[in-house]
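The values are calculated or read from the model by the stated rules, or taken from the named source; none is laboratory data. Keep in mind that what you see is a predicted model, and the values were worked out from it rather than measured. Note: ideal-geometry Cβ built from the backbone for every residue, glycine included; neighbour counts use all protein chains shown.
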């Protein structure tokens, strides 16, 4: 419940900064950070290690938390293994559906600039358009940096949060929609 309240409180950050470029700054200790402020709330996010990953998307919501999208997807490695065993995996009645549910990851995507934000919005729209249809899933490849929460404030007062909200946040510097064969093998 605390995590949900925290995420809802940070929703204003996403709405306020939706589409603006997000330059990182460097603190005195050498940590690169991204600061997002909106409606009296402030999040300082540590910019961490680089990442590159491909996903088969199963869900997408925009303007949530302090990012531009909350995505749910199957990472490339798991996708290749599961699609090899269950070629119909994208369908609800697939024999692999139960196994799929345990491997789908949800994460916040923070667009580094307007171009990435636009491509993210297009991918989310396509996920929604294809939901429940016989069409194939939407697949993306993205790269950027892992983000970690350093501090959260509301009205200048620190917000308490637990470890469960510390992971699953990415600064997306490059995003492209790709043929799912590139992801599923």
*Counting only residues that are modelled with pLDDT of 90 or more and under 16 Å from residue 127 (Cβ atoms), give me the strands (runs of 3 or more DSSP E) lying completely in segment 29-81 with at least 1 of them.*
41-62, 69-75
*asked:* Given the options 142, 159, 124, name the one that is farther than 24 Å from residue 181 by Cβ, touching a strand residue (DSSP E or B) at 6+ places or on another chain (Cβ under 8 Å) and in contact (Cβ under 8 Å) with a residue 12 or more places away in the chain.
replied: 159
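Here's the yes/no breakdown for (1) assigned to a loop (DSSP other than H, G, I, E, B); (2) farther than 18 Å from residue 75 by Cβ:
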residue	(1), (2)
139	no, no
143	no, no
148	no, yes
153	no, yes
160	yes, yes
170	no, no
174	no, no
177	no, no
182	no, no
*Quick one: how many residues across segment 98-137 are surrounded by fewer than 15 Cβ atoms within 10 Å (Cβ to Cβ) and in a helix (DSSP H, G or I)?*
9
*Residue check: is residue 135 in contact with a helix residue (DSSP H, G or I) (Cβ under 9 Å, 6 or more places away or on another chain) and modelled with pLDDT under 95?*
yes
*Is it true that residue 93 is in a loop (DSSP other than H, G, I, E, B) and either in contact with a strand residue (DSSP E or B) (Cβ under 6 Å, 6 or more places away or on another chain) or loosely packed, with under 13 Cβ neighbours inside 10 Å (or both)?*
yes
*Could we say that residue 140 is surrounded by 12 or more Cβ atoms within 10 Å (Cβ to Cβ) and modelled with pLDDT under 90 here?*
no
*If you check 106, 72, 94, 133, which single one turns out to be within 12 Å of the chain's Cα centre (by Cα) and without any contact (Cβ under 8 Å) to a residue 40 or more places away in the chain?*
72
